[in-house]
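Before any comments, here is the structure.
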Amino acid sequence: MNLETATRYRQALDYISSAVGHVDARQRALERFLASGLPTPRLEDWKYTALDALERSPWHAPEHARDALPDSGDTPGTRVAFGNGRLVHTGGQPQREHSLAAHVDDARARQVFDSLAGDAALTQINRALWQDGLWLHVPAGQVAPPVFAVHYASEADAMLHTRNLVVLEAGAQAVLVEHYRGVPDRAYWQNPVTEIVLGEGAHLDHLTLTEEGAAASHTGLAVVRQARHSRYSALSVNIGGRLVRHETRVNLDGPHAECRLDGLFIADTRRHIDQHLHVEHAAPRTTSRQTWRGIAAGRGRGIFDARVVVHAGAQQADAQQSSRNLLLSPHAEIDVKPQLEIHADDVKCGHGATVGQLDEAQVFYLRSRGIDAVTARALLLRAFAEEALGWLKNSGLAGWLEPHLAAALRLQEGERTA
Amino acid sequence: MNHAEVSRADERNPELASRVADEYRWGFVTDIEQETVPRELNEDIVRLISARKNEPEFMLEWRLRAYRHWLTMREPTWSSVHHPPIDYQAIHYYAAPKTRTQPKDLSEVDPELLRTYEKLGIPLQEREALAGVAVDAVFDSVSVATTFKDKLERLGIIFCSFSEAVQKHPELVRAYLGSVVPYTDNYFATLNSAVFSDGSFVYVPKGVRCPMELSTYFRINARNSGQFERTLIVADEGAYVSYLEGCTAPMRDENQLHAAVVELVALADARIKYSTVQNWYPGDREGRGGIYNFVTKRGDCRGDRAHISWTQVETGSAITWKYPSCILTGNDSVGEFYSVALTNHHQQADTGTKMIHIGRNTRSTIVSKGISAGSGSNAYRGLVKVLPSAANARNHTQCDSLLMSDHCAAHTFPYIEVKNASATVEHEATTSKIGDDQLFYLRSRGLSEEDAVNLIVNGFCKEVFRELPMEFAVEAQKLLAVSLEGAIG
Amino acid sequence: MLEIRNLHVAIGDTPILAGIDLEVKAGEVHAIMGPNGSGKSTLAQVLAGREGYTVTAGSVRYLGQDLLALEPEARARAGVFLAFQYPLEIPGVANVQLLRTALNSVRRARGEPELDAMDFLDAVKAKLALLGMDEGFLYRAVNEGFSGGEKKRNEILQMAVLEPRLAILDETDSGLDIDALKTVAHGVNALKHPQRAVILVTHYQRLLNYIVPDRVHVLAAGRIVRSGDASLALELEDKGYAWLTHDAESQPTPAESRP
């Protein structure tokens, strides 16, 4: 990293240091980040994504939180809003009870905060520069009302190192929706790190809608640790941004822990979406399911890289992965890497991956019923996308997602090929 | 089944246990006078090898370019295999049976060598040889005999050692050498390009269908030597050739390096079928010794409608690292990869293929069967790449793993990269173990447990075995059975 | 209503239909019979506008228009309906969604107002009752996981909802038990109208016990080799096809390949 760039990051820490705690730890993380620099495609996990654009941009710490947020649709439950990385007032009331900055030194938060995030370069810079993010703590046995966290960005050249921490104690249940969005023409960088700890028998339903502005970069990491009999159902819908790379890592640490990591991405225009999943079956009788659907159109590029590791001794692990992808235009690209790494023998593991087009026989069938070709394709595209929405359909969140999904499926004019 | 049960099975059946210990029947050493070059690697060694083979200037130049490039490279670390560092200065890069002149026919070959191949079941006397199979026998660094040469010559087919091809057909060697695997390709291929000693060369002229299977039998004998052979097969327009490759080595408790390169060129309408039964010494059951098999194999379907298929049965070697690949340049060309890889005890295999679709309507099929037993580790690593030019490209990949012990490992690492919207690529992978109920069912019909296991394993591998020529398929089944002895309790 | 003149059709270089002449008037039911590979299904597919077939000669006029010039959806909107021999499964698209989108497309083309959700449901429920079908049928994905009989009934339901002028049923009777066959026949008979016509493509006579045709045509090797009234079907039942197709097959045989 050259001196000028390094100076920018140091200035960013100087700028925020009066408002945040633990500055020494932040300094150390910053220096580690500066020593390694941003990841490059020479690293296997970054093979398909180059961060040259991030490297060159004049990032600075956000100067103002935004108070007036655009409507995020009808959100049943608690709405928590973050503008440019900091908590903002909504309806006159800041939701301080859900601000991580306000709670990070609480006893319970201290026990788990930063215990899962690891030490990749992008995590180090988040560790150095984070200002706020969601804190969701559900005590044992309680059922929390749904929480809608909106992360809104509006400042050009701002880097937002959002930090979220979700802790569900034993038997707790929660529904969490995260919505990342921003002003379309501002080039900002959202780099969230989310840690999720699920106690014994806890259940979390987690919808993440990444709908960043068209000029934005988003590099996210979510790390989940699951105790026995816990259940994590996640759906990632990636339909925005210029460059998006998101990584979800799940550790199934206790027997009978279950996770479901589903997702949908639509890489149209010049969008680059690189989606990574990593599941560790570290205990016997653990289950993971991954159902992903990807669409690439225009000059978009979609990447799906998923690895399932079954540890020695994790007998009767059950892992199934399905990745189906559609390439809709001559300049689009799809790259898929479904991987299995198995160190036990009594397991049920498999994956299927396809890259192809809409089925022309189905298109003809619909046309023979009087439906025009454009509508027929739209119907089939919609049906394809819905295959990824499995658990969401019965969750009450489908209605909230619908307008966003419908808009995204109306691909840019001329991107659908005949 | 767990490790404790294996040990118990061995105690109950000492005879089986002893069979497992000396299961590698090809492990003997031939006592023959050898000439070697010093154990080191530098430009002088490269020059010495080239001079020993009386090579033309262009070959020496090529080797030196490769050597200089190799010095700038680092050993790859991306695969799933693990081994102690290799000391490239401690290897004899050239070892050959001592003879004054190149033997003109079998009567001039050292009888000890002929006995060696006899013992390996590869008779080199043509009257005793397997009908319909022509053999090139490579012993350490050099080819010692090639059978049926005259018969093939009458059809215009060239089948000889690489050294001979360099002398007699330099124009062909010059035109095709490095045209599929350039000397800059990868660490081991680059090393091979600098120091390769011999190998086989095949040229099948336009429109000729080679009437017999061509076969090379590789044997490593010398201690502390590496084997770096290079095979080049060119099928001219409309030609057909089926080529078989077999390999064994003595049991030695050090690791030996085998870094070969195979290049296939299929012009328009040509078809090359390349089959391998690889049975290098795998090391003992504690993981001592065995061959490091780091091989680069690649075929180029250079003309329209060309067809290359790779079939491999990999049961030997301590470590196997090879990815026989197809570059589908010609329109309507076809690439196939059928593989069985078995790892037992402490063997490691990281194998697979690359299918690069460049031409229109190109098709590829990948069938990979991995069997992991003992503490063996088995990885499929493959790339299917469809370039923007490859309209209507099709690929189907099936990767299955069979797990036979709770401390083995099976990995699947496919890469799929599609840049053409009319392409269809499908990949499926499954993992299974031999079910107790399957075993019980077969045993209740009177099969021994070992027979039952063999039956199930053979069924698992059937799609691959049926791609092998008949004699080889039988050999492959036997090999699998021997390699699995004692693998399940 | 439909006039087919000297129709020649090929798949790639392989000729399938070698000069079909057929006229179907409003109010008529025609049966097209013939052995496997005679070109029956090709004729049905070409009328519906399936890609992959080349019309090498001849013409098809439908209600005074050049049918072959129309896109598949334009044909459907003009009232041509093909019940597929092998109805496609479309996971993720509910039957009700297909029916409503299709019906409103057809109504728009006819200059009729689109039906709102309530009116649409009422209309569809009436058709379901007519065919003895359960309402749950509407909310299942199109043909996904349907039995053979359910798929065929679903085709008839679509036909009943769209009310075409010219219905072409391609082997709709194959694979049906007798109860399902009666249901299908009932659906077709209910559609009969002096302004509508039906073409039944079938291998067997038994459907014709329930839907009595005005004309029966025997197709062999891409040509109509015999036409007659309903009694021809009974004759075929007795004698098989060989006595009719012998001549046609002694000529160079265009093969039918099923897509």
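Miscellaneous remarks
- Of the residues making up the range B:229-238, none is within 17 Å of B:Phe218 (Cα to Cα), among the acidic types (Asp, Glu), at pLDDT 90 or above and surrounded by fewer than 24 Cβ atoms within 10 Å (Cβ to Cβ).
- Members of the range B:169-188 that are in a loop (DSSP other than H, G, I, E, B) and closer than 17 Å to B:Asn54 by Cα: B:His169
- One residue from B:Gly132, B:Gly156, B:Gly178, B:Gly121 being at positive phi, over 21 Å from the mean Cα position of the chain (by Cα) and at pLDDT 65 or above: B:Gly156
- Any hit, the range B:423-438, residues being more than 14 Å from chain A (Cβ to nearest Cβ) and crowded, with 21+ Cβ neighbours inside 10 Å: no
Condition check ((1) touching an Asp or Glu at 6+ places or on another chain (Cβ under 6 Å); (2) polar (S, T, N, Q); (3) under 30 Å from C:Ala76 (Cβ atoms)) across all residues:
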residue: A:Pro338; (1), (2), (3): no, no, no
residue: A:Val355; (1), (2), (3): no, no, no
residue: A:Leu358; (1), (2), (3): no, no, yes
residue: A:Gln362; (1), (2), (3): no, yes, yes
residue: A:Arg367; (1), (2), (3): yes, no, yes
residue: A:Asp372; (1), (2), (3): yes, no, yes
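- Members of the range B:30-52 that are more than 25 Å from the chain's Cα centre (by Cα), part of a loop (DSSP other than H, G, I, E, B) and in contact (Cβ under 8 Å) with a residue 24 or more places away in the chain: B:Asp31, B:Ile32, B:Glu33, B:Val37, B:Pro38, B:Glu40
- Residue that is surrounded by the fewest Cβ atoms within 10 Å (Cβ to Cβ) [pool: residues in the range C:1-40 that are in a loop (DSSP other than H, G, I, E, B) and of a type in the set (A, V, I, L, M, F, W, C)]: C:Ala26
- Residue satisfying condition, being out of contact with any helix residue (DSSP H, G or I) (no Cβ under 6 Å at 6 or more places or on another chain), surrounded by fewer than 22 Cβ atoms within 10 Å (Cβ to Cβ) and free of Cβ contacts under 8 Å to residues at least 12 places away in the same chain, within set A:Gln111, A:Gln142: A:Gln111
- Evaluation of B:Ser375 against (1) within 23 Å of A:Val310 (Cα to Cα); (2) away from chain A (no Cβ under 14 Å) (one fails), failing number: (2)
- Within the range C:109-125, the set of residues being surrounded by 12 or more Cβ atoms within 10 Å (Cβ to Cβ), closer than 21 Å to C:Gly79 by Cβ and without any contact (Cβ under 8 Å) to a residue 24 or more places away in the chain comprises C:Glu114, C:Leu115, C:Phe120.
- Boolean, C:Leu43 is in a helix (DSSP H, G or I) and either surrounded by fewer than 16 Cβ atoms within 10 Å (Cβ to Cβ) or more than 11 Å from chain A (Cβ to nearest Cβ) (or both): yes
- Filtering the range C:49-63 to residues that are surrounded by fewer than 22 Cβ atoms within 10 Å (Cβ to Cβ), touching a residue at least 24 places away in the same chain (Cβ under 8 Å) and either of a type in the set (Gly, Ala, Ser) or assigned to a loop (DSSP other than H, G, I, E, B) (or both) leaves C:Arg50, C:Gly52, C:Tyr53, C:Ala57, C:Gly58, C:Ser59, C:Leu63.
- Looking at B:Ile456, B:Ile416, just one residue is among the β-branched types (Val, Ile, Thr) and either more than 14 Å from every other protein chain (Cβ to nearest Cβ) or in contact with a helix residue (DSSP H, G or I) (Cβ under 9 Å, 6 or more places away or on another chain) (or both), and that residue is B:Ile456.
- Residue in the range A:242-258 that is within 14 Å of chain B (Cβ to nearest Cβ) and either within 24 Å of A:Ala398 (Cα to Cα) or touching a Gly at 6+ places or on another chain (Cβ under 6 Å) (or both) present: no
- Just one of (1) more than 10 Å from every other protein chain (Cβ to nearest Cβ); (2) closer than 25 Å to A:Pro41 by Cβ; (3) part of a strand (DSSP E or B); (4) not hydrophobic (A, V, I, L, M, F, W, C) fails for A:Arg289. It is (2).
- Counting only strands (runs of 3 or more DSSP E) wholly contained in the range A:220-283, the ones carrying 3 or more residues that are among the polar types (S, T, N, Q) occupy A:231-238.
- Yes/no for A:Ala378 being closer than 17 Å to A:Gly300 by Cβ and at pLDDT 90 or above: no
- Whichever residue in the range B:290-322 is within 21 Å of B:Thr77 (Cα to Cα) and not in a strand (DSSP E or B) and, among such residues, is nearest to the chain's Cα centre (by Cα): B:Ser317
- Only residues that are part of a loop (DSSP other than H, G, I, E, B) and out of contact with any Gly (no Cβ under 6 Å at 6 or more places or on another chain) were counted across the range B:323-353, and they come to 2.
- Restricting the range B:284-332 to residues that are among the small types (Gly, Ala, Ser), in contact (Cβ under 8 Å) with a residue 60 or more places away in the chain and under 15 Å from B:Ile366 (Cα atoms), the residue that is surrounded by the most Cβ atoms within 10 Å (Cβ to Cβ): B:Gly299
- On the stretch given as the range C:55-112, residues that are among the β-branched types (Val, Ile, Thr), at pLDDT 90 or above and more than 18 Å from the chain's Cα centre (by Cα) total 2.
The values are calculated or read from the model by the stated rules, or taken from the named source; none is laboratory data. Keep in mind it's a predicted model, so treat the numbers as computed, not measured. Methodologically, a virtual Cβ is constructed for each residue, glycine included, from the backbone with ideal geometry; neighbour enumeration extends over all protein chains shown.
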